[in-house]
Amino acid sequence: MQKYNAIAEAQRKPLRVKNGKGLNIPELIRLGSLAASSHNTQPWKIRIEGQALEIFPDLSRRCPVVDPNDAHLFKSLGCMAENIRIAAASQGYVADISFREDSGMVRLEFLTSTSAESDDLFSAILKRQCTKTPFSGKPLEPDHRRALELSARGNGVRTIIMEDKSRLETIIEFVAQGNGEQLSDPAFQKELASWIRFNPAVAIKFKDGLAGHLAGQPPLPQWLGKALLNFVLTPKNQSDTDAVNIRSSAAVVVFITEDDNPPAWVEVGRVYERFALKACALGIRNAFINQPIEVRKILPELNSWLGLEKGKASLVIRIGYGTEAPFSLRRPVEEIIIQDNAM
Ligand SMILES: Cc1cc2nc3c(=O)[nH]c(=O)nc-3n(C[C@H](O)[C@H](O)[C@H](O)COP(=O)(O)O)c2cc1C
C-alpha cells in the first residue's frame with residue numbers, strides 16, 4: 001500500500017512552474033488527467049496543436065454495457081476539459097472551448113488574458129476525489145450550499161440539490177432498483193470486473209480502473225477477486241452499502257441536461273467537475289450514485305419523480321462532510337499524448 005500511496009501522491013504533486021513563464025502544456029495535461037472518469041477508464045487521448053489541446057475519445061476504453069451510447073465517456077472528456085481550463089487560467093490563459101461533432105473531439109484554444117488567474121478550484125484539482133465511503137451525516141452549511149449552486153451553472157445544465165431525508169429515501173429505492181437490474185446482468189458484472197483492480201499491485205500495473213481498497217474492500221489476488229465478485233457483489237449487498245452511504249450524506253445532487261447528445265454530455269461533465277472542485281475546496285466530499293441514470297428503464301421514472309418537464313437527469317451524486325480516502329491512479333501523461341504520426 002505504501003508504494004501505491006507514493007505513486008498517487010507523486011501524481012498530485014503541486015505545480016512547480018510560476019505564472020508568466022508561458023503555457024506549460026505537459027502540466028495542463030497532467031492536471032487534466034486528474035479529472036474524474038467513469039470506472040476510471042481515462043477514455044481520453046490528447047493532441048497538442050501549438051497553443052491548443054485537442055481531447056479525443058479513446059474508443060478502446062469504452063464500456064459498452066454500462067454506457068452503450070458513450071454518454072459517460074463524453075461526460076468524462078468534459079471533466080478533463082474543465083480541469084485543463086481551470087489550470088490554464090492559473091497560468092494566465094483563458095481557454096476557448098469547442099466541440100467537433102464529426103470526431104467527438106473537445107478543443108481548447110488558449111489565449112493570454114489579464115483576467116485569467118488562479119482560484120480555489122485550481123488548488124482543489126490536486127485534492128479532488130470521489131470518496132466512496134460513508135460521510136459524517138453533518139448537514140450542509142447554508143453558505144456552502146449557495147456556493148455550490150453558483151458553481152454549478154452551465155449551458156443547458158442545471159442542478160437539483162436535495163437535503164430532505166424522505167427524498168433521500170426515495171433515491172435509495174431508485175439506486176436499489178438500479179442495482180437489482182445491473183448486478184443480475186452477467187454482461188454488466190463481467191464488464192465491471194474487467195475494470196476492478198483487486199489489489200494495489202494490479203492497480204499500480206494498470207494505473208486505471210477501480211482500485212478495490214478505495215471502497216474499503218480487502219486486497220485479493222486478481223483471479224480470486226474476479227471469481228468471488230458474483231457472490232459478494234449481489235444486489236442486496238450493494239444496495240445495503242449504498243443505503244448506508246446515502247443516509248450518511250448531507251444531500252443528493254442531480255445534474256439535469258436540456259439535451260441528450262455529445263455536446264450536452266461534455267457540458268454536464270464540465271459542470272460536474274467544477275461542482276466537485278468547489279465542493280472539495282469547501283471540504284465537502286462527493287461520490288456518484290448513477291444506477292438510476294444507467295438503467296434505461298428507470299430513468300423516465302426518476303425524471304418524472306423529479307418533476308422534470310424539460311430535460312433529463314444526467315448524473316447523480318451524494319455529497320457530505322467526511323474523511324479523505326486513498327486516491328485513484330492515472331496513466332502517465334506520455335501514454336495519453338497522440339504523436340502526430342499515430343493519427
Ligand atoms: C461520467 C462519470 C460517471 C461515473 N459513475 C460512477 C458511478 O456510477 N459509481 C461510482 O462509484 N463512481 C462513478 N464515477 C466515478 C469514477 O469511478 C471516478 O471518477 C474514478 O474512479 C476516478 O477516481 P477519482 O474521481 O476519485 O479520481 C463516475 C465518474 C464519471 C466522470
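Quick look at the numbers
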{"read-out": "Cα-based reach from LYS3 at 22 Å (exclusive), listing lysines while leaving out same-chain residues under 8 positions away", "value": "LYS13, LYS127, LYS132, LYS205, LYS207"}
{"read-out": "Translational diffusion of the range 112-179, µm² s⁻¹ [Kirkwood Rh, Cα pairs; Stokes-Einstein; 10 °C; 1.306 mPa s]", "value": "102 µm²/s"}
{"read-out": "Potential extension, ARG167-LYS205 segment - 0.36 nm per residue separation minus Cα distance", "value": "9.5 nm"}
{"read-out": "Check: the range 2-128 dipole with +1 on Lys, Arg Cβ and -1 on Asp, Glu Cβ, in debye", "value": "600 debye"}
{"read-out": "Test item: Cα-centred dipole of the chain, Lys/Arg +1 and Asp/Glu -1 on Cβ, debye", "value": "1020 debye"}
{"read-out": "Candidate lysines for bridging to LYS312, where Cα separation is under 21 Å - those fewer than 8 sequence places away on the same chain excluded", "value": "LYS75, LYS297"}
{"read-out": "Approximate shape of the range 229-293 as ellipsoid semi-axes (Cα gyration tensor, √5λ), whole Å, largest first", "value": "26, 18, 10"}
{"read-out": "For peptides 142-152, 275-285, sequence by mean Cβ density within 10 Å, most packed first", "value": "275-285, 142-152"}
{"read-out": "Cβ crowding within 10 Å averaged over residues, with 327-336, 107-116, 32-41 ranked highest first", "value": "32-41, 327-336, 107-116"}
{"read-out": "Helix-only mean residue ellipticity at 222 nm for the chain, each DSSP H run of n ≥ 4 adding -39500 (n - 2.57), per residue, nearest 500", "value": "-13000 deg cm²/dmol"}
{"read-out": "Cα-based Rg of the range 90-210 normalised by 2.2 N^0.38 Å, two decimals", "value": "1.48"}
{"read-out": "Three-way shape call for the range 1-98 based on the alpha-carbon gyration tensor, with the a/c threshold at 1.5", "value": "oblate"}
{"read-out": "Rounded tilt (10° steps) of 2-11 against the dominant C-alpha axis of the chain", "value": "50 degrees"}
{"read-out": "Sequence ranges 73-80, 193-200, ranked by mean other-Cβ count within 10 angstrom, highest first", "value": "73-80, 193-200"}
{"read-out": "Charge dipole of the range 142-321 about the Cα centre (unit charges at C-beta), most positive-ward option of PRO235, VAL202, ILE246", "value": "VAL202"}
{"read-out": "Ellipsoid equivalent to the range 142-321 - semi-axes via the Cα gyration tensor, in Å", "value": "28, 19, 17"}
{"read-out": "Furthest towards positive pole of dipole, GLY216, ASN179, ALA35, structure part the chain, Cβ charges", "value": "GLY216"}
{"read-out": "Dimensionless Rg over Rh [the range 67-131; C-alpha; Kirkwood]", "value": "1.04"}
{"read-out": "Projected area averaged over orientations for the chain, convex hull of C-alpha atoms, nm²", "value": "16.8 nm²"}
{"read-out": "With Cα atoms, 0 to 90° folded angle of helix 165-182 axis to the chain main axis", "value": "90 degrees"}
{"read-out": "Dipole moment magnitude, nearest 20 debye, the range 234-283 about Cα centre, only Lys, Arg, Asp, Glu C-beta charged", "value": "300 debye"}
{"read-out": "Cα-based helix-to-principal-axis angle, 262-281 vs the chain, degrees rounded to 10", "value": "90 degrees"}
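Read the figures in this text as sums done on the coordinates, not as results from a lab. Bear in mind the structure is a predicted one, so any value in this text is a computation, not a measurement. Note that we place each Cβ from the backbone using ideal geometry, even for glycine, and neighbour counts take in every protein chain shown.
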